[in-house]
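Q: Shown below is the structure under consideration.
The values are calculated or read from the model by the stated rules, or taken from the named source; none is laboratory data. Every value quoted in this text rests on a predicted model; they were computed, and no experiment measured them. Backbone-built Cβ (ideal geometry, glycine too); neighbour counts: all protein chains shown.
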């Protein structure tokens, strides 16, 4: 298996999480508009986000060990915790905390996406940078 599988898996999970996190307020808004079945879909989407984020966390460990910055590892651990905390608060209907932590969750997912979707530095590019006199 290629050494790039952690990066590909992390990119895939960030793409899935980005779509899911954009869907969450749409589902919640639909519930508030009177479509009460959408609250169940909001909950199901949140639970699947936890599973995807856990897979992403495992991939982030391998990606960090392959040379990624420490922030990838930090976001890889913080995103599943934020999603789980948001889910627990939502289940207990503590919306005063559910919504702000949900916003932090969105920020964490977007930061993780920006980390893993950056272009990888290749050894050839790094070697050329070292050869160019300043």
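Q: Take the residues in segment 26-38 that are surrounded by 15 or more Cβ atoms within 10 Å (Cβ to Cβ) and within 14 Å of residue 90 (Cβ to Cβ), then tell me which one is farthest from the chain's Cα centre (by Cα).
A: Top of the filtered list is 31.
Residue-wise test of (1) within 21 Å of residue 108 (Cβ to Cβ); (2) modelled with pLDDT of 95 or more.
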site: 8; (1), (2): yes, no
site: 11; (1), (2): yes, no
site: 40; (1), (2): no, yes
site: 48; (1), (2): yes, yes
site: 68; (1), (2): yes, no
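Q: Condition test on residue 15, is it within 19 Å of residue 77 (Cα to Cα), crowded, with 16+ Cβ neighbours inside 10 Å and touching a residue at least 24 places away in the same chain (Cβ under 8 Å)?
A: Against the criterion (within 19 Å of residue 77 (Cα to Cα), crowded, with 16+ Cβ neighbours inside 10 Å and touching a residue at least 24 places away in the same chain (Cβ under 8 Å)), residue 15 does not qualify.
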